Amino acid sequence: MYHHIKKLMYTVNIGTPDVKFGNLLLEQFGGANGELAAAMQYTIQGWNCVDDLARRDLLLDIGTEELSHLEVVGALIRMHLKDLKTNREAAEADPLVTIAGGGGVSLYNSVGDAWTADYLKITGELDVDLRSNIAAEARAKIVYERLIDHTDDPGTIDTLQFLMTREITHLKAFSAALESMEKSPFSIGFLKPTPGIVDEYFNASTGAGDEGDTDMRGPWQTSFGLHPVESQMNEGPGLSVDDIHGTEGEEDRGKQDSGKKAATSPFAEALSQTQPSTNKAGANGKGGSANGHSKSTNGNGSKSKKTAKA
């Protein structure tokens, strides 16, 4: 249930309206990194998050705040676009907004492209979604910085500074939620990667370029167990593709599957069973139903994954 309160989260005041700047602001209303995209992404992630009620609450808190930000951005845009309603010269600066939208806001970005659900990153895998959200907040922060660079209006700058600051607040919250799962930063999903090849940095961009670029070295080639390998084109061994022999067993998921479950979780009943069983999942999600997957051993002794039916 939603309840609208007729007061902005941040009071917007501007000096002289700037139609062209108002058009730029539309990017944060109906654009890929805008407030509507964030609100929808986090909210839908939260609705889907029935296996971790604590982090579901986080997602819905921030998703709802993003709707409040959308309202603030909308108010700021309308103030800057108000001359479109009465001034022919201003109206000609953006005929689409003037004629189709009546000089107000709609779900379009700064160049008139319609908002699309393709902007949303929703996987249903909580740690992956949290990483997407961290990146989304970082992108939105940069957009607000760039908008601030293109206005001298103090009231507008203050509004954008408020919105930009809240992006970092949310980035911190998502980062803390991810960290509290106590997972390895490279533990993704349910299956382990293949040893050996997982640590090979493939030197696939070689030679000298026209801009002075050449083969470089850095920690991205040697950190976290990585080491560089050359391609066969450079008389190197290439990647150790012969290491691949089926799956490698279960990934360590930390505390990802130990959160309090919703009553509608299809795995709540399985998690309530305390007796050990290869077909029942424990609180850590290893085994079958709690994480939506079960494991079986194939003929060569390695494990294969199959989707468990709720």
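We did not get these values from a lab; they are worked out from the coordinates using the rules stated. It should be emphasised that the depicted structure is a prediction, and the values quoted were computed from it without experimental measurement. So basically every Cβ, Gly included, is an ideal-geometry build from the backbone, and we count neighbours across all protein chains shown.
Between ILE157 and SER175, the contour length at 0.36 nm per residue exceeds the alpha carbon distance by 3.8 nm.
Does the range 127-239 come out rounded, prolate or oblate, given a ≥ b ≥ c as the square roots of the eigenvalues of its C-alpha gyration tensor, rounded meaning a/c under 1.5 and, failing that, prolate meaning a/b above b/c? In terms of gyration-tensor shape, oblate.
Rounded to whole numbers, the Karplus 3J(HN,Hα) couplings from phi for the range 17-23 are x, 10, 4, 5, 5, x, 5 Hz, using 6.51 cos²θ - 1.76 cosθ + 1.60 with θ = phi - 60°, and x at Gly and Pro. The distance between label points at HIS227 and ASP113 comes to 4.3 nm (points 7 Å beyond Cα on the Cα→Cβ vector). Identify the trypsin sites (Lys or Arg not before Pro) of the range 156-238 meeting these criteria: DSSP loop state and at most 13 other C-beta atoms within 10 Å of the C-beta. Within the range 156-238, the qualifying trypsin sites (Lys or Arg not before Pro) (loop, at most 13 other Cβ atoms within 10 Å) are ARG217.
Around the amide H of TYR108, modelled in the peptide plane, lie the amide H atoms of GLY30, TRP115, all under 5 Å away and 5 or more residues distant in sequence or on another chain. Using the Cα gyration tensor of the range 108-162, with a ≥ b ≥ c the square roots of its eigenvalues, what is the shape: rounded (a/c below 1.5), prolate (a/b larger than b/c) or oblate (neither)? The shape class here is oblate. Quick check: from the Cα gyration tensor, does the range 1-44 come out rounded (a/c under 1.5), prolate or oblate? Because a/c hits 1.5 or more and a/b fails to exceed b/c, the range 1-44 counts as oblate.
Applying 1/(1 + (r/R0)^6) with R0 = 35 Å to the Cβ-Cβ distance of GLU248 and LYS20 gives a FRET efficiency near 0.05. Using the Cβ-Cβ distance between ASP213 and ASN234 with R0 set to 22 Å, the FRET efficiency from 1/(1 + (r/R0)^6) comes to roughly 0.85.
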